[in-house]
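Presented below is the structure to which this report refers.
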Amino acid sequence: MKFKYILTLFIFILIGCSFYSFKGSIPAHIKSVHVSPIKNNTIESSASDIIKTELQKAFINENILKLLPVENSDSRLDLTVTSFTDKPYSYNVEDISTTGYEVVDLYRVDIKAKVKWHDLKNDIVLFDQNFSGWASYDPQNDIGSDGIDNDNDSFIDDKDDDEFGAPRESAIKIASRQITESIISNIISTW
């Protein structure tokens, strides 16, 4: 008798879990997405290009939704880069005695974007949210050998797969990737 209860419970758990998947949380009728040209309200033109490239790669690599032209798509993502800053993040005060002023050790890139995901079949907005990403960099050293955790993920230099290249450009890519990952995560958990 106890065996029947355990077997029944196991079957219910198995059936319940089989319905859960990443695609299961997206509305069933949405199988594709169109990423509109990204609007950029900042002076940094590369941020919108990098975010668009990262988003397209994420949709292809994660196989969440098919990327299609707007006329064939079930949904549409509209993005606007609303803020881009590249400011000093930390200073070296030891140089005050020799130079007479503080020297910037690290800069920090912050990017903010407003994102709307539209259900084109039902003509509703699935979400309308703000996302942000950031990364720090040493302007004097390659980001892959600067000895700092540029994106605060607990990995440094060659142990971090996104820390490579020219400092500022790499920081922009890291911040853009953080935004992209947040958008994808939000799409997956929308429903």
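The values are calculated or read from the model by the stated rules, or taken from the named source; none is laboratory data. Fair warning: this is a prediction, and the values are worked out from it, not measured in the lab. Using ideal geometry, Cβ is built from the backbone for each residue, glycine included, and neighbour counts are taken over all protein chains shown. For the accessible areas, the whole protein counts, side chains as well, though only heavy atoms, and no ligand, DNA or RNA atoms are used. Shrake-Rupley method; radii C 1.70, N 1.55, O 1.52, S 1.80 Å.
Please give the net charge around THR80, taking every other residue with its beta carbon less than 10 angstrom from that of THR80, where Lys and Arg add +1 and Asp and Glu add -1.
+3
Name the residues whose placed amide hydrogens come within less than 5 Å of the amide hydrogen of LEU120, ignoring near sequence neighbours (fewer than 5 apart) on the same chain.
SER75, ARG76
Listed highest first by mean packing, meaning other Cβ atoms within 10 Å per residue, what order do 34-44, 113-123 come in?
113-123, 34-44
Leaving out ligands and nucleic acids, note down the accessible area per residue over region 101-142 with a 1.4 angstrom probe, in whole Å².
Value returned for region 101-142: 54 Å² of accessible area per residue.
Could you sort out which of LYS57/LYS87; LYS39/LYS121; LYS57/LYS114; LYS52/LYS116 sit more than 26 Å apart by Cα distance in this structure?
LYS57/LYS87
Assuming R0 = 41 Å, can you tell me the calculated FRET efficiency for the pair LEU67 and ASN141, based on Cβ-Cβ distance, to the nearest 0.05?
Given R0 = 41 Å and the Cβ-Cβ separation, E is 0.65.
Separation between the LYS121 and LYS57 pseudo-spin-labels, each 7 Å from Cα along Cα→Cβ, expressed in nm?
Rounded to a tenth, the inter-label distance reads 3.0 nm.
Run the 1.4 Å probe and let me know the accessible area of VAL93, rounded to the nearest 10 Å².
Approximately 90 Å² of VAL93 is accessible to the 1.4 Å probe.
Using a 1.4 angstrom probe with every protein chain in place, what is the largest-first accessible-area order of LYS31, LYS57, LYS52?
LYS31, LYS57, LYS52
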